[in-house]
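All remarks here apply to the structure that follows.
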Amino acid sequence: MSVALKTAIDAWHAKYVEGGLLPCALTLIMQEGEVLALRTAGTADVDRGIACRRETVFRIFSMTKPVTAAAAMSMVDEGLVSLDDLVSDYIPSFVDLTVNSSADPARLEPRPARRPMTIRHLLTHTSGLTYGGEPGVVPGLYDEKATNFGADDGPLAQVVDRLAAIPLLFDPGERWHYSVSMDVLGRVLEVVDDEPLDRVLTRRVTDPVGMADTVFRVEERHLPRLAGLYECTTTGFAAVSPDAGYPGEGPTTTLSGGAGLLSTAEDYARFAEMLRRGGEIDGQRVLSTSSVEAMKRNQLAGDIASCGEPTFSETATRGVGFGLGGSVVIDPTVTEWPSVLGEYAWGGYASTAFLVDPVRQCVAVFLTQLIPSSRYPGIRKGLRDIIARFVPPLH
């Protein structure tokens, strides 16, 4: 099995890397805590000629979200936070929220929100928030007011106050829509623990799990193994400037709980393994079993397709619900890729992905550095194809 799995991963990597589609690729698959395959290919930093290695540091973008969710659930375990607490209990500027009531997304007609926003709404992307860069007047205000939680948008306290003044797309709880919700949650965590988000995540998640290279700010020790961030051009890969507002070597004034972390494959695999084990790793309990079960249980009334969006980014959403911080497969018979009931997963803007498979008792992490993730929609399906073919279910 191991030889066939490694051969399949190498061929899959070659398709993208030797084919000139990705600068690099790293896949790590573990089953019951044992490494089945850790394969690398390509160049992590094209300009410096640094090969992709197991210790390479990647920007994981939205794979930050499950880590932030785990920190929130550790507060739930301690009785510091309830999922149905009002966000305004922690961020006063969220008391009088408004919603854009115009049927024309290009027009702004604010009205008072019909219900308050809760912590659960943030964790499930049912808050009514959105991202900038999308069509319409409301996302345009995110760009204008610098509320996309870029690396240099300012302290979280200031960014969330600016955000609170922008109308929501819909009333909280009405439907699913991907958004900066986890960034707002990051500010809630700061308020609860009375310390910056980086210290919250370090104390509550990354230190207990053993994720020594998972950080918001690149340290000197990381620079020799930091991957470059790239976009595709007609002539190859173009490095994204540090001034673009993404995590990396530039200044970091905004600690984004939605997209700000950098990590390594082995660090993130440890996090995924902690979730697979129900909140424990190496004898250390990080989360209660009930909190992990809540993260991996669908929190929507149906799948994402019926509760918001039939396609999200590069992926069809039939049969896929949403838990706390990540997606959950609720009907494998209708998903458009090989899947199992209860698979918990998510990905990042630079084409990265991870999953926790409860049937095979395996975790998988795929890392590269190409934006946007919608450039090659087959990557995440390809990872699942390999797992379905070469990692047998455990009985």
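Note down the net charge around Met117, summing +1 for each Lys or Arg and -1 for each Asp or Glu among other residues with Cβ under 13 Å from its Cβ.
Details: positive: Arg114, Arg115, Arg120, Arg187; negative: Asp84, Asp85, Asp89, Asp96, Asp171, Glu174.
Value of the local net charge: -2.
For the pair Arg375 and Ala11, the difference between a 0.36 nm per residue extended length and the Cα-Cα distance amounts to 129.1 nm.
About its Cα centre, the dipole of the chain is roughly 920 debye, where the only charges are +1 on Lys and Arg Cβ and -1 on Asp and Glu Cβ. Using Cα positions and a limit of under 28 Å, work out the lysines in reach of Lys6, with same-chain residues fewer than 8 apart set aside. Straight-line reach from Lys6, under 28 Å: Lys15, Lys381. Placing a label point 7 Å from the Cα of Asp193 along the Cα-to-Cβ direction, the residues of the stretch 69-105 whose backbone N falls under 15 Å of that point are 69-81. Among the cysteines of the chain, those whose beta-carbon sits 4.7 Å or more from every other cysteine beta-carbon are Cys232, Cys307, Cys362. Dipole check for the stretch 245-376: with +1 at the C-beta of Lys and Arg, -1 at the C-beta of Asp and Glu, and the Cα centre as origin, the magnitude is about 140 Debye. Just the Cα atoms of the stretch 212-371, one point each, no solvent: what log10 I(q)/I(0) does Debye give at q = 0.13, 0.17, 0.20, 0.21 Å⁻¹? Each listed q corresponds, in turn, to -0.73, -1.13, -1.32, -1.36. Straight Cα distances below 17 angstrom link Lys65 to the lysines Lys296, with same-chain residues fewer than 8 positions distant left out. As a calculated quantity, the FRET efficiency between Ala301 and Thr253 at R0 = 41 Å, using C-beta atoms, amounts to about 0.60. Around the Cα centre of the stretch 74-193, unit charges on the Cβ atoms of Lys, Arg, Asp and Glu (plus for the first two, minus for the last two) sum to a dipole of about 420 debye. Distance between the modelled labels on Ala157 and Asp207, one decimal in nanometres: 2.3 nm (7 Å Cα→Cβ projection).
Once the Cβ-Cβ distance between Glu231 and Arg48 is put in as r, and R0 is 25 Å, what FRET efficiency do you end up with, to the nearest 0.05? FRET efficiency, Glu231 to Arg48: 0.90.
When N counts the residues of the chain, how does its alpha-carbon radius of gyration compare numerically with 2.2 N^0.38 Å, as a ratio? Don't jump to the answer; show the numbers that get you there.
Values: Rg = 19.9 Å, N = 395, 2.2 N^0.38 = 21.3 Å.
Rg over 2.2 N^0.38 Å, computed on Cα atoms: 0.93.
Full extension of the segment from Glu18 to Arg107, taken as 0.36 nm per residue of separation minus the current Cα-Cα distance, would add 27.3 nm.
Where only DSSP H runs of four or more residues are counted, the chain gives -8000 deg cm²/dmol as its mean residue ellipticity at 222 nm, each run worth -39500 (n - 2.57). Please say if the stretch 54-96 is rounded, prolate or oblate, where rounded means a/c under 1.5 for a ≥ b ≥ c the square roots of the C-alpha gyration tensor eigenvalues, and otherwise the choice is prolate for a/b larger than b/c and oblate otherwise? Cα axes put the stretch 54-96 in the oblate bin. Annotation for the stretch 83-182: trypsin sites (Lys or Arg not before Pro) lying in DSSP loop with at most 13 further Cβ atoms inside 10 Å of their Cβ are Arg107, Arg114. The distance separating the Cα centre of the stretch 57-97 from that of the stretch 355-395 comes to 27 Å.
Taking 2.2 N^0.38 Å as the expected size of a compact globular protein, what ratio does the Cα radius of gyration of the stretch 74-193 give against it, to two decimals? List each step's numbers first, then the result.
On the way: Rg = 13.6 Å, N = 120, 2.2 N^0.38 = 13.6 Å.
The reported ratio for this selection is 1.01.
Shown is the FRET efficiency for Arg285 and Ser82, computed with R0 = 35 Å from the Cβ-Cβ distance and rounded to the nearest 0.05: 0.95. Comparing Ala165, Pro392, Ala316 along the charge dipole axis of the chain, the residue lying farthest to the positive side is Pro392, per the Cβ-charge model.
Throughout, read-outs are computed from the coordinates displayed, never taken from laboratory work. Not measured: the values here are computed from a predicted model. Cβ: placed from backbone, ideal geometry, glycine included. Neighbour counts: every protein chain shown.
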